[in-house]
Amino acid sequence: MQSKHLEISQVGIDFPTPKGPFTALTDVNLKIKKGEFISLIGHSGCGKSTVLNIVAGLYQATTGGVILDDSEVTEPGPERAVVFQNHSLLPWLTVYKNVELAVKQTQKSKSKKEMRDWILHNLELVHMTHALDKLPSEISGGMKQRVGIARALAMEPKVLLMDEPFGALDALTRAHLQDSLMDIHAELGNTVIMITHDVDEAVLLSDRIVMMTNGPAATIGEILDVKLARPRDRLVLADNPEYNHYRHEVLTFLYEKQKKVEPVSSYKKAQQSKTSKKSDVA
């Protein structure tokens, strides 16, 4: 991995509400090296997707900013491709045409043959060349997500941004796609930032796991370096003490250091008040 090429510096963001500004993030700082695989993890509402959207250029930070290879990120660009939990394929286009659409937008200098070869190459990376002429409605959820990844890779992004890309898939399909993603990352060396709620997924895939504090005004709580050798085999790692140590560290942060205080319902408040009054009388 080379020196850092992506820097998130002093990022904070406020969203307007009828009651005034809501501070979603504050003082988020992260330096990422080229080729790193970073996972963002934290409880729902901690601002993981907001961080990703700021890096993608979809949101503008209220304070601070993002620098990619010495250029400030101010808008979306092909050097930052996003893979969402929902595959977002156009239903009226075939698998091939969905990827072709991205290539035509970002690889305009290629000849027709070069474009076709490039599209096929990226579909081959995700093992989807057998379904070139199928519509999204004719393939499974896992296959759709593979096509979404191929479309993103076809843009030749410097940074691949993934927002819970496997969250809606069954466990077996998810495992297959995680293995494919590790193979692709090893071959291409893209920088990857991925949001996940899955602790095992984060440990298996990541070079570093960035753990977010609870919102509002969420920020980075801890960063865990995952020094497991690559390539990684999930079956071998299942009984690996080091793997289980990393897993324990993340779980400890999420479920002890970031314990959620459950809101007390009006019914519970009334019951507590009654109990308190009875105690006073006694």
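Take peptides 167-180, 201-214 and line them up by average Cβ neighbours within 10 Å, highest first, as a rough protection proxy.
201-214, 167-180
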Practice problem: Rank these for me by crowding, Met182, Met128, going from fewest to most other beta carbons within 10 Å. | Solution: Met182, Met128
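Which of the DSSP-defined H helices in the chain satisfy a minimum axial length of 24 Å, computed from C-alpha atoms, and a minimum mean Kyte-Doolittle hydropathy of -1.0? Please list the in-between numbers first.
Details: long enough: 171-188 (25 Å, 0.03).
Qualifying helices, which must be both long enough and hydrophobic enough, are 171-188.
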Quiz item: Which of Ser109, Ser49, Ser88 moves most in a GNM of the chain, Cα contacts under 10 Å?
Solution: Ser109
Quiz item: Where the centroid of each part is defined by its Cα atoms, how far is the stretch 201-217 from the stretch 67-127 in Å?
Solution: 27 Å
Quiz item: Where both residues lie in the chain, what percent of DSSP beta bridges are antiparallel, nearest 5?
Solution: 55 percent
Quiz item: Expressed as a fraction of 2.2 N^0.38 Å, the rule-of-thumb size for a compact globular protein of N residues, what is the C-alpha radius of gyration of the chain?
Solution: 1.16
Quiz item: Counting Lys +1, Arg +1, Asp -1, Glu -1, what net charge surrounds Gly57 among other residues with beta carbon under 12 Å of its beta carbon?
Solution: -2
Practice problem: Just subtract the alpha-carbon distance of Glu138 and Lys108 from 0.36 nm times their residue separation and send over the number in nm, one decimal. | Solution: 7.9 nm
Exercise. Per residue, how big is the convex hull around the C-alpha atoms of the stretch 80-156? Give it to me in cubic angstrom, could you?
Key: 81 Å³
Quiz item: Most mobile of Ala154, Ala217, Ala56 per a Gaussian network model of the chain (Cα springs, under 10 Å)?
Solution: Ala217
Exercise. Using every Cα-Cα pair within the stretch 1-140, state what percent have a distance larger than 21 Å.
Key: 57 percent
Quiz prompt | Cross-link pairs beyond the 22 Å C-alpha cut-off, checked among Lys34/Lys104; Lys110/Lys158; Lys48/Lys104; Lys104/Lys144 | solution = Lys34/Lys104; Lys48/Lys104
Exercise. Would you list, by chain and number, the aspartates and glutamates whose Cα falls below 16 Å from the Cα of Lys97, excluding same-chain residues fewer than 8 positions away?
Key: Glu114, Asp117, Glu124, Asp133, Glu138
Self-check item: For Asp198, net neighbour charge (Lys/Arg +1, Asp/Glu -1) across residues whose Cβ lies under 10 Å away
Solution: -2
Self-check item: Estimated distance in nm for a label pair at Ser88 and Leu235, the labels positioned 7 Å out from Cα along Cα-to-Cβ
Solution: 3.6 nm
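Throughout, read-outs are computed from the coordinates displayed, never taken from laboratory work. On a predicted model such as this, the values are computed, not experimentally measured, just so you know. As a convention, Cβ positions derive from the backbone with ideal geometry for all residues, glycine included, and neighbour counts pool all protein chains shown.
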